[in-house]
1. Tell me yes or no: at least one residue of segment 96-109 is modelled with pLDDT of 95 or more, touching a helix residue (DSSP H, G or I) at 6+ places or on another chain (Cβ under 9 Å) and among the acidic types (Asp, Glu).
2. Given Val92, Val64, Val73, Val83, which one is β-branched (Val, Ile, Thr), closer than 30 Å to Gln286 by Cβ and within 26 Å of the chain's Cα centre (by Cα)?
3. Residue check: is Pro104 of a type outside the set (Asp, Glu), over 20 Å from Gly243 (Cβ atoms) and crowded, with 22+ Cβ neighbours inside 10 Å?
4. Do we find a residue being at pLDDT below 95 and touching a helix residue (DSSP H, G or I) at 6+ places or on another chain (Cβ under 9 Å) anywhere in segment 355-363?
5. Being surrounded by fewer than 17 Cβ atoms within 10 Å (Cβ to Cβ) and touching a Phe, Trp or Tyr at 6+ places or on another chain (Cβ under 7 Å) is the filter here; which residues of segment 39-61 pass it?
6. Collect the residues in segment 261-301 that are outside any helix (DSSP H, G or I) and surrounded by 14 or more Cβ atoms within 10 Å (Cβ to Cβ), keeping them in residue-number order.
7. For segment 16-27, give me each residue that is in contact with a Leu (Cβ under 8 Å, 6 or more places away or on another chain), of a type in the set (A, V, I, L, M, F, W, C) and part of a helix (DSSP H, G or I).
Amino acid sequence: MESRRGSPAQLVPIVAGYAGLLLVWDFEARPLFFLLLVAGTFVALWRFSRASGSEIPLRTLLLVAAVSRALLVPVPASLSDDVYRYLWDGRVALAGFDPYRLAPDDPTLEPLRERGGAELREPTAHRDVETVYPPLAIALFAVAASSPFELWAWKGMMALFDLASCWLLWKVARRTGRPTASAIWYAWNPLAAIESAAMGHVDAAGACALLAALYGLLSLREPGEGERRIPRPVVAGALTAAGALVKLVPLVLVPLFVLRARSAAFTLALTAVLAAGLAPMVLPSQGPPPGLVRYGVSWEYNGLLFEPLWRSIEAADVASDVKGTLDMIRSRVAGSEPLEALYPYVYPELLAKAALALGLAWVLLLGLGVRDLLDATFWTVAGALLLSATFYPWYALWALPFAALRRSAPWLVLSLSLQAAYLPRLFGWSAWPTTWLVVWMPFVLTAGVAAARRRSARPPAAGAAGALP
């Protein structure tokens, strides 16, 4: 084990970077200073990582993580208006209305606007869309909305959830035998601190529940032992469900976690909590709520594969070919008239999403075959995000903890380049192709270099030219 350790003096530039972000205050109003400070803090983090050994004391990890988030809680949520929607949905729920049926502009909610809700409703985008957030998220929104200092209360909650994630990540590193110093790539990463404490994204709470569930699964059995270390699979199952009830991302992990838990108690707890939690979301509309359907069909921004794929489909006029195939089937097959209902859905963006859904199924199957649970979790979550039509910077909170422990160079680079996803808001840049290239090309190039290094480090196959007998 390495004995060297980064000096306390090397922590100063990291903390100074966060203090500088506090002084910038409004990131949207001073975008150049914001981006320079983020880049500088990332470089300081990289330098500390290079100088430190494989282990870091938990108190040091949490101290710097806590300071960074405490410095960012007061700044305005100027890069994203999601926090205002959270608190509006919380007020709607507190008032006894159903946010899954009533969009912010619904006349039924006029009494809320008259009682001081306008300051939340006005900054909210997509006011004609019902909420897309699962019930546990709505409950958290309501808790914050009940506070007299609701914005600060909410951002403070997310900062605490994210700080708990840092603690859990250190524990997961210890449990899996990975260097605990790798956890700094999440705990001190500007993206994690900004998206949780400054912008207040609910993903911080969901990712915390997911990390807790993973730690619980890792604690059920020690490698090579048949006995449970702690007989609490119910807790791990409930935590997995809790993550999905904050945001639906952990649903992609359900097959993997059920298979690895090998516990009826885990599966029953997961199923029961999910069913009870999702009931208020799906029963009133007898299916997915309207806002979630609209999100799945219409939302698209910054997807790695989605953006070039749907444009390629459009250029090749694949939609016309699909419609032609439907016409042929309808003309030759009796009783195929119901196929006419598919025509409105045959357009490039939705065809691309259908193709990526098949890719997601492939990713999930491959993830089941990855032996190490942490690696399998990373593969599944990261693959799902990369196949998504929408990839905002805060979505990385779901994969970055696992990328940190694996020292995944492409994802660590992405945690910096993702700040470029704000360029259309900060400088009016076009989302395609300029912003997409700035965000994703560093990731793609780093992934290519990493793959080339793995191939060159791989021992030659037996019998190959130059191989030893």
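1. yes
2. Numbers: Val64 fails: closer than 30 Å to Gln286 by Cβ; Val73 fails: closer than 30 Å to Gln286 by Cβ; Val83 fails: closer than 30 Å to Gln286 by Cβ.
Going through Val92, Val64, Val73, Val83 in turn, the sole match is Val92.
3. Values: of a type outside the set (Asp, Glu): yes; over 20 Å from Gly243 (Cβ atoms): yes; crowded, with 22+ Cβ neighbours inside 10 Å: yes.
When the stated conditions are applied, Pro104 passes them.
4. So in segment 355-363, the residues at pLDDT below 95 come out as none.
Within segment 355-363 (the criterion being at pLDDT below 95 and touching a helix residue (DSSP H, G or I) at 6+ places or on another chain (Cβ under 9 Å)), the answer is no, since none of the residues qualifies.
5. Selection gives Leu58 alone.
6. Our first condition is that a residue be outside any helix (DSSP H, G or I); within segment 261-301, this holds for 262-263, 283-289, 299-301.
Of everything in segment 261-301, those that are outside any helix (DSSP H, G or I) and surrounded by 14 or more Cβ atoms within 10 Å (Cβ to Cβ) turn out to be Ser263, Ser285, Pro288, Pro289, Trp299, Glu300, Tyr301.
7. Going through segment 16-27, the residues in contact with a Leu (Cβ under 8 Å, 6 or more places away or on another chain) turn out to be 17-22, 24, 27.
Narrowing further to those that are of a type in the set (A, V, I, L, M, F, W, C): 19, 21-22, 24, 27.
Scanning segment 16-27 gives Ala19, Leu21, Leu22, Val24.
One line per residue, one yes/no per condition, for (1) surrounded by fewer than 23 Cβ atoms within 10 Å (Cβ to Cβ); (2) touching a His at 6+ places or on another chain (Cβ under 8 Å); (3) modelled with pLDDT under 95:
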{"residue": "Val370", "(1), (2), (3)": "yes, no, no"}
{"residue": "Ala396", "(1), (2), (3)": "no, no, no"}
{"residue": "Ala404", "(1), (2), (3)": "no, no, no"}
{"residue": "Leu418", "(1), (2), (3)": "no, no, no"}
{"residue": "Leu423", "(1), (2), (3)": "yes, no, no"}
{"residue": "Thr435", "(1), (2), (3)": "yes, no, no"}
{"residue": "Ser456", "(1), (2), (3)": "yes, no, yes"}
{"residue": "Ala464", "(1), (2), (3)": "yes, no, yes"}
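The values are calculated or read from the model by the stated rules, or taken from the named source; none is laboratory data. Predicted model only: the values in this text are computed from it and were never measured. Cβ: placed from backbone, ideal geometry, glycine included. Neighbour counts: every protein chain shown.
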